[in-house]
Amino acid sequence: MFTGIVAAIGKIESVTPLEGGSFAGVRLNVHAGGLPLADVALGDSIAINGACMTVVEKDDTSFRVDVSRESLNCTVGLDTLTEVNLEKALTLNERLGGHLVSGHVDGLGVVRKFEPIGESWELVIEAPRELAKFLAFKGSIVVNGVSLTVNRVEDIGTGAELVCQFSINLIPHTIAMTTLKHLAAGKQVNLEIDLIARYVERMVSVGAAGK
C-alpha cells in the first residue's frame, strides 16, 4: 500500500528487454534521486508513477525492477528514459498524508488542459468511460502516483458516447515536488481510482443484482 505522497523524483536510466520476444517485459534501472534506499530490501515494493513494482536489484543510488508486458500495456511512462515519481510502500508507523493507494493502475487518462491560474495550475483530465462512476467532487484520484483531490467532474454525453472530464487544482508545492510539471495537453497519465469507491461500487452492484 502507498499514500500517493511522492517521496522523490527519480529517473529511468535504462530500459532493457527481457528474454521472451515481443511478449516479454523490460527491466528498468531507476536512479532513486533523493529516495533513501538503505532500508529497501530485495522484494520490497516501490511505486513508479503510481505503478507498484518489485525491487529485484539495488545499489546505493539506484534500483532495478522487472515490468511485465501486461503492466506495460496498462500504463504509460514505464518504458521511456524519463523522470518518474517515486514512493516506497507504506509502513504502519507513518502518517497517511494522502489516501490509501494500492499501486494498481486502473486506466489511462488524457490531459485536456494544463494551465496556470493565479499561483496554482488547473489540470483537466479526460478519464476512460469505465472509470467515470468512481469520480466525485472532492473525491480522491491518483495521477502518475500523486494523490489529488477532484475539484470538478463533468460527464459529457451518454452511453457509449460518455466522456468524463475532471479538474484538479495543483498548488506550487505539488508542481515543484513531482513530475506533473512536465504534463501538457494530449499527454497520457496513469490513473488509480479511490480504494473505497471501488468497494462501494461492488457492494452496490451486488446488492442491486440480488433484488
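Residue 97 meets all of the listed conditions (1) within 17 Å of the chain's Cα centre (by Cα); (2) at pLDDT 95 or above but one, namely (2). Looking at region 35-79 only, could you name the residues that are closer than 17 Å to residue 103 by Cβ and touching a residue at least 60 places away in the same chain (Cβ under 8 Å)? Within region 35-79, 47, 48, 49, 50, 51, 75, 76, 77, 78 qualify. Counting only strands (runs of 3 or more DSSP E) wholly contained in region 58-127, the ones carrying 1 or more residues that are within 15 Å of residue 179 (Cβ to Cβ) and among the hydrophobic types (A, V, I, L, M, F, W, C) occupy 83-88, 107-117, 120-127. Which members of region 164-193 meet the condition of being within 22 Å of residue 2 (Cα to Cα), assigned to a loop (DSSP other than H, G, I, E, B) and open to solvent by 30 Å² or more (accessible area, probe 1.4 Å)? The answer is 171, and nothing else.
Check region 44-53 and report whether any residue there is outside any loop (DSSP other than H, G, I, E, B), out of contact with any helix residue (DSSP H, G or I) (no Cβ under 7 Å at 6 or more places or on another chain) and charged (D, E, K, R). Checked region 44-53: no residue is outside any loop (DSSP other than H, G, I, E, B), out of contact with any helix residue (DSSP H, G or I) (no Cβ under 7 Å at 6 or more places or on another chain) and charged (D, E, K, R).
The number of residues in region 133-158 being open to solvent by 70 Å² or more (accessible area, probe 1.4 Å) and of a type in the set (A, V, I, L, M, F, W, C) comes to 2. Within region 194-211, the residues that satisfy the criterion of being of a type in the set (A, V, I, L, M) and either open to solvent by 40 Å² or more (accessible area, probe 1.4 Å) or at pLDDT 95 or above (or both) are 196, 200, 203, 204, 206, 208, 209. Among the residues of region 1-46, those identified as open to solvent by 70 Å² or more (accessible area, probe 1.4 Å) and farther than 16 Å from residue 65 by Cα are 1, 5, 22, 23, 36, 38, 39. Take the conditions (1) outside any strand (DSSP E or B); (2) over 25 Å from residue 7 (Cβ atoms); residue 153 misses just one of them, which is (1).
Which residue, of 161, 130, 119, is touching a residue at least 24 places away in the same chain (Cβ under 8 Å) and loosely packed, with under 13 Cβ neighbours inside 10 Å?
119
Residues in region 194-211 that are within 21 Å of the chain's Cα centre (by Cα) and not in a helix (DSSP H, G or I): 194 only. When 13, 19 are screened for being free of Cβ contacts under 8 Å to residues at least 12 places away in the same chain and acidic (Asp, Glu), only 19 passes. If you go through region 27-42 and keep only what is among the hydrophobic types (A, V, I, L, M, F, W, C), in contact with a Lys or Arg (Cβ under 8 Å, 6 or more places away or on another chain) and part of a loop (DSSP other than H, G, I, E, B), you end up with 35, 37, 40, 42.
The values are calculated or read from the model by the stated rules, or taken from the named source; none is laboratory data. A quick note: this is a predicted structure, and the numbers were derived from the prediction, not measured. Glycine gets a Cβ as well: all are built from the backbone with ideal geometry, and neighbour counts include every protein chain shown. Heavy atoms of the whole protein, side chains included, go into the accessibility calculation; ligands, DNA and RNA do not. Shrake-Rupley method; radii C 1.70, N 1.55, O 1.52, S 1.80 Å.
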